[in-house]
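Just below is one structure, and these are the notes that go with it.
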Amino acid sequence: MRIRTSAIAALTVACAVLGVGLLAGGHAQGQQPEQDLSEKEIERYRAMISDPMSNPGFLNVDRGEQLWSLKRGAKNVSLETCDLGIGPGKLEGAYAKLPRYFADAGKVMDLEQRLLYCMTSLQELDTKDVIARRFSGPGRVSDMEDLVGFIANKSSGMKIEPQISHPKEQEMLSVGEAMFYRRSAVMDFSCATCHAAEGKRIRLQGLPDFSKPGKAAQETMGSWPTYRVSQSQMRTMQHRLWDCYRQMRMPAPDYASDGLTALTVFMMKQAQGGEITVPSIKR
Amino acid sequence: MNRIKTCILVASAFVLIAPAVAQSPAPKVDPAAVEAFVAATWKSTTGEWRARVDQDETQKACTASNNEPTGVLFDQIRDRESAAVVFPADGKVLGDWKKGAQVAQRGTGGQFTDQANTYRGGNCYACHQMSKAEVSYGTLGPSLNGYGKLHRFDAAEARKTYAKIYNSMSVLPCSQMPRFGHNKFLSEEQIKDVVAYLYDPESPVNK
């Protein structure tokens, strides 16, 4: 029985190798030579910037650690007793299981919604300023980006575990999927216009396929939050979705709104089992 | 050889199985519930921008049919969108190909971070190959290199192309391509310039 299993495994590997060969052949044939060169250059650039020792995103992680234990708000307490889903103050692996349903709030929340909830309920902090600085910019640090960087980093090396057992989580998954395919605005775009086929590009930028579970979704969701070289800032999934809707010519979605969490639930479902390595660094 | 055959068989089995696994769909949801989430997500959006959130009849039909309308629905969309195409009053659909190159290249305008008067580009290269000289092109749409030549620089074909850019769904219901004229994203002049970029024998598209 064991021999048989390994024979099948060997055959599978052989097939995989052959399959990759076939795919690579087809790929090369359909491409312009200059295209291959551009893609190689982009790959080289990616390899160059993805050195963790020189990733400025880790400065956000350090700041986030300080913010987590900083006493503030009317109650002058830290966030250290905030329950991110696996128990008060527990951080290791919490991000891998978000978004999820929180009984105390009666709803499904992503990390940013949950942090705002804890700031309001535990610290009695007026979150107006924190929300105003939700996205960092020149001369403007973002507590949210720092905290997400710190907390997400505590799930680095772990696998994405989408939480979809609670009826509210199932509802969010369905709503998220529906929103993914919903066409609107002056371009008639939905998320699926760009992210529902394999191996497509906008200009030279590769587009991850979220229409089915697998590698593209895993690699994408496993690498957010990320330090974006082009913006010189740490960015979270909230920012990424905001940026997508900008490019779709939709109005700006409200920060930490339930629709964005629904979309995140759907994308995390497609990314199930993907390894989290964050903060990453991207173009 | 046998081994390769087996591999191909095994591989095809995976191909057949894969979509079945992929389509373990989320539980059905009431469209009204989805719209409630959409409304909450753009709660702060007001004024002219608000209209972008709501779907028109065609967007609704395309979303509901997963962009594959059939039978009567297909005809309904095509007829409705065709009727909405506005051709230039003088019937001339060919503008200036050099200006068309700019429309095809530029991807600015219409974003919430733009000013109302920011130049609006067609951003054709985001999805299509056009001139061979431009290597930075996307692949969501087919290559349009040699487009005019392929259509024999024919005047009637150019008119069809104008309609396609003005309203892609007048040609193919639920096309992924924006309805540039219909949604007033590009002006009549810009569309004419892009048609010229595709059809002028001097245009790099046809070189």
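The values are calculated or read from the model by the stated rules, or taken from the named source; none is laboratory data. Only a predicted model underlies this, so the values are computations on that prediction, with no experimental measurement involved. Here the Cβ positions follow ideal geometry from the backbone for every residue, glycine too, while neighbour counts run over all protein chains shown. Areas reflect the complete protein model, heavy atoms only, side chains present, ligands, DNA and RNA absent. Shrake-Rupley method; radii C 1.70, N 1.55, O 1.52, S 1.80 Å.
Here are some notes:
- Any hit, the stretch A:221-230, residues being in a strand (DSSP E or B), touching a residue at least 60 places away in the same chain (Cβ under 8 Å) and more than 12 Å from chain B (Cβ to nearest Cβ): yes
- The single residue among A:ILE281, A:ILE202 that is surrounded by fewer than 23 Cβ atoms within 10 Å (Cβ to Cβ), touching a helix residue (DSSP H, G or I) at 6+ places or on another chain (Cβ under 8 Å) and more than 13 Å from chain B (Cβ to nearest Cβ) turns out to be A:ILE281.
- The numbered conditions (1) within 20 Å of A:PRO225 (Cβ to Cβ); (2) modelled with pLDDT of 95 or more are all true for A:ASN55 except (2).
- Test for A:GLN218: is it part of a helix (DSSP H, G or I), open to solvent by 30 Å² or more (accessible area, probe 1.4 Å), of a type outside the set (A, V, I, L, M) and touching a Gly at 6+ places or on another chain (Cβ under 9 Å): yes
- Any hit, the stretch A:188-198, residues being within 8 Å of chain B (Cβ to nearest Cβ), of a type in the set (Gly, Ala, Ser), buried (at least 21 other Cβ atoms within 10 Å of the Cβ) and in a strand (DSSP E or B): no
- Residues (surrounded by fewer than 23 Cβ atoms within 10 Å (Cβ to Cβ) and within 19 Å of A:GLN163 (Cα to Cα)) located in the stretch A:225-257: A:ALA256, A:SER257
- Within the stretch A:82-111, residues that are in contact (Cβ under 8 Å) with a residue 40 or more places away in the chain sit with their Cβ atoms under 7 Å from residues that are in a loop (DSSP other than H, G, I, E, B) and hydroxyl-bearing (Ser, Thr, Tyr), at 6+ positions apart or across chains, in these pairs: A:GLY93/A:SER155; A:ALA94/A:SER155; A:TYR95/A:SER155; A:ALA96/A:SER155.
- Yes/no for B:ARG159 being open to solvent by 10 Å² or more (accessible area, probe 1.4 Å), in contact (Cβ under 8 Å) with a residue 60 or more places away in the chain and in contact with a helix residue (DSSP H, G or I) (Cβ under 9 Å, 6 or more places away or on another chain): yes
- If you go through the stretch A:247-264 and keep only what is at the interface with another protein chain (Cβ under 7 Å from one of its Cβ atoms), in a loop (DSSP other than H, G, I, E, B) and not small (Gly, Ala, Ser), you end up with A:ARG249, A:MET250, A:PRO251, A:PRO253, A:ASP254.
- If the condition is being facing chain B (nearest Cβ under 8 Å) and part of a loop (DSSP other than H, G, I, E, B), then the stretch A:159-187 contributes A:TYR181, A:ARG182, A:ARG183, A:ALA185, A:VAL186, A:MET187.
- Qualifying positions in the stretch A:63-94 - surrounded by fewer than 17 Cβ atoms within 10 Å (Cβ to Cβ), closer than 14 Å to A:VAL148 by Cα and under 20 Å from the mean Cα position of the chain (by Cα): A:GLU92
- Of the numbered criteria (1) without any contact (Cβ under 8 Å) to a residue 12 or more places away in the chain; (2) under 25 Å from A:ALA96 (Cα atoms); (3) not β-branched (Val, Ile, Thr), the one A:ARG246 fails is (2).
- When the criteria are applied in full, A:ASP209 fails the requirement of being without any contact (Cβ under 8 Å) to a residue 40 or more places away in the chain and at the interface with another protein chain (Cβ under 8 Å from one of its Cβ atoms).
- Within the stretch B:140-156, the set of residues being in a loop (DSSP other than H, G, I, E, B) and surrounded by fewer than 20 Cβ atoms within 10 Å (Cβ to Cβ) comprises B:LEU140, B:GLY141, B:PRO142, B:SER143, B:ASN145, B:GLY146, B:HIS151, B:ARG152, B:PHE153, B:ASP154.
- Residue in the stretch B:184-199 that is open to solvent by 70 Å² or more (accessible area, probe 1.4 Å) and at positive phi present: yes
- Selection over the stretch B:167-176 of residues that are touching a helix residue (DSSP H, G or I) at 6+ places or on another chain (Cβ under 6 Å) and open to solvent by less than 40 Å² (accessible area, probe 1.4 Å) gives a count of 6.
- Spans of helices (runs of 4 or more DSSP H) in the stretch B:23-123 with at least 3 residues away from every other protein chain (no Cβ under 12 Å) and exposed (fewer than 14 other Cβ atoms within 10 Å of the Cβ): B:71-83
Yes/no matrix, rows are residues, columns are (1) surrounded by fewer than 18 Cβ atoms within 10 Å (Cβ to Cβ); (2) touching a Phe, Trp or Tyr at 6+ places or on another chain (Cβ under 9 Å):
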site: A:ALA47; (1), (2): yes, no
site: A:ALA105; (1), (2): yes, yes
site: A:GLU112; (1), (2): no, yes
site: A:LEU115; (1), (2): no, no
site: A:ARG133; (1), (2): yes, no
site: A:GLY139; (1), (2): yes, no
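- Residue within the stretch B:170-182 that is assigned to a helix (DSSP H, G or I) and either modelled with pLDDT under 95 or out of contact with any Pro (no Cβ under 6 Å at 6 or more places or on another chain) (or both) present: yes
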